[in-house]
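**Q** Got a structure here, written out as structure tokens. Questions coming.
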Amino acid sequence: MAQQIVVVGAGIAGLATAVALQRRGHHVSVVEARTDTASGAGISIWPNALAALDHIGVGDAVRQAGGRITGGAVRWRDGSWLRRPATERLVTALGEPLVVVQRSLLRDILAAALTPGTVEYGIAVTAVAATSDGVRIDFSDAPVRMAGAVVGADGTSSVVARRLNGSLRDRYAGYTAWRGVAHCAMDPELAGETLGPGIEVGHMPMGPDRTYWFATERSPEGRGSPDGELSYLRQQLAGWPEPIPAVLAATAPADVLRNDLYDRRRARRWAHGPIVLVGDAAHPMRPHLGQGGCQALEDAVILAACVEGAADLPTAFARFAAFRRPRVNRIVRESALIGRVVNVRPAFLSAAASYASALIPEPLVSRHLASVAARAAFVLPGRR
């Protein structure tokens, strides 16, 4: 059933989907509106996503490209421990360490696994429409194309998702996020998060001499820091425990990204005929479980598996949507709940919730985490 499939979007979801489909013998092309090659910040690849990457032959390359986290600690802003797990906690619970890698390196690894010429940059899709013999794809500055099917991997503001669902308005989550890469090492035992009232700071090794960090804080939409984002964070987090001061000191201003966080009503329809959605196009997810990119990688491999065993692509796409919804919707809801708790106002309620979370027994926390992110949590259709 090899057919010409066009993937819209060359982010993590789109590239991984193209790799998975090509490895199963399908003719795939990827179109991407952007032309920039920004390196981006880091991304956490949990064992469930590493298991998916192993299925398309690039798992080991990703493991070698990043830093490994085996514990995952949580502290309060005064340096006291909210959760200080055993050093190998994640390995025991999830089957292997969490890997943190620069997004650009992950994209490069996925792109290198594709047939040369698969990805075309600077081509913006303006509309897609199912026809009697496939899908018609309209572009802003290129001739119309026909394909056997289209995979919408074009993010939260997906053109393809809106074709299937009508209006899907982005919603400001109420808080903003900073991300950066520091050119320094950090103590791996401190890898994890440090919390304050209404503030969350994450810090994790991204190799022997680099550290990926992020911070979130409740803020009005569209606000910037007049003296620069890094300067603001250094002032706001002054007096917080290491490695935060050292990490911010070793970060260049140009390496700091600030983005207001948005989500969107989940797409009611993920698939219709020869058109299907994957990643953020189908299920935008807040970042608090570190599963946005990981669930996109699961999508890619499971979609290809559904295509492999189906009589036609519409049947495969419908099976994919039915199989993925229960797991993904649960993770979307939990990620949103964590974001609301961390950023609840007044701030003392956020502090109380953070301290209360430390009372949950470690075996219960590990068991729940395993249900989300363990290698065994990634399951292909027909193998439950």
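**Q** May I ask you to evaluate 6.51 cos²θ - 1.76 cosθ + 1.60, the Karplus curve with θ = phi - 60°, for each residue of the stretch 104-116 and list the ³J(HN,Hα) values in order in whole Hz, giving x for glycine and proline?
**A** For the stretch 104-116, the Karplus-derived couplings read 4, 5, 4, 4, 4, 5, 5, 5, 5, 7, 8, 4, x Hz, x marking Gly and Pro.
**Q** Gap in Å between the Cα centre of the stretch 212-237 and the Cα centre of the stretch 28-93?
**A** 24 Å
**Q** What's the exposure ranking of 178, 76, going from fewest to most Cβ atoms within 10 Å? Provide the component values of the computation, followed by the final result.
**A** Values: 178 23, 76 18.
Listed from fewest to most nearby Cβ atoms, that is 76, 178.
**Q** Read phi for every residue in the stretch 119-130 and hand back ³J(HN,Hα) as whole Hz from Karplus 6.51 cos²θ - 1.76 cosθ + 1.60, θ = phi - 60°, with x for Gly and Pro.
**A** Once θ is set to phi - 60°, the couplings for the stretch 119-130 become 9, 10, 9, x, 10, 9, 7, 10, 6, 9, 8, 6 Hz.
**Q** Ok, one more. With point charges of +1 on the Cβ of Lys and Arg and -1 on the Cβ of Asp and Glu, referenced to the Cα centre of the stretch 244-285, which listed residue (275, 245, 285) lies farthest in the positive direction of the dipole?
**A** 275
**Q** Give me the net charge for the shell around residue 105: Cβ to Cβ below 14 angstrom, other residues only, Lys and Arg +1, Asp and Glu -1.
**A** In short, +2.
**Q** In deg cm²/dmol, rounded to 500, what helix-only [θ] at 222 nm does the chain give when every DSSP H run of at least 4 residues adds -39500 (n - 2.57) and the total is split over its residues?
**A** Value at 222 nm, helices only, nearest 500: -10500 deg cm²/dmol.
**Q** Using a 7 Å offset from the Cα along the Cα-to-Cβ direction at both residue 121 and residue 341, what is the distance between the two label points in nm, to one decimal?
**A** Distance between the two pseudo-spin positions: 4.1 nm.
**Q** Something else: For helix 12-22, what angle does its Cα long axis make with the longest principal axis of the chain, in degrees from 0 to 90 and rounded to 10?
**A** 40 degrees
**Q** Amide H neighbours of residue 200 under 5 Å, counting only residues 5+ apart in sequence or on other chains, H built in-plane at 1.01 Å?
**A** 216
**Q** Once a ≥ b ≥ c are taken as the square roots of the eigenvalues of the Cα gyration tensor of the stretch 27-129, is the result rounded (a/c under 1.5), prolate (a/b larger than b/c) or oblate (a/b not larger than b/c)?
**A** prolate
**Q** Once you sort the root eigenvalues of the Cα gyration tensor of the chain as a ≥ b ≥ c, which label holds: rounded (a/c under 1.5), prolate (a/b larger than b/c) or oblate (the other case)?
**A** On the way: a/c = 1.80, a/b = 1.61, b/c = 1.12.
Prolate is the answer for the chain, as a/c is 1.5 or above and a/b outweighs b/c.
**Q** In the neighborhood of residue 51, defined by Cβ-to-Cβ distances under 10 Å, what is the net charge if each Lys or Arg adds +1 and each Asp or Glu adds -1?
**A** Details: positive: 375; negative: 54, 96, 298.
That works out to -2.
**Q** Here's another thing I want to ask about it. Apply the Karplus parameterisation 6.51 cos²θ - 1.76 cosθ + 1.60, with θ equal to phi minus 60°, to every residue of the stretch 257-263 and state each ³J(HN,Hα) to the nearest whole Hz, in sequence, with x for glycine and proline.
**A** 10, 10, 9, 4, 8, 10, 10
Values in this text are rule-based calculations from the coordinates and carry no lab data. No experiment lies behind these values; they were computed from the predicted model shown. Cβ atoms come from the backbone with ideal geometry, glycine included; neighbour counts cover every protein chain shown.
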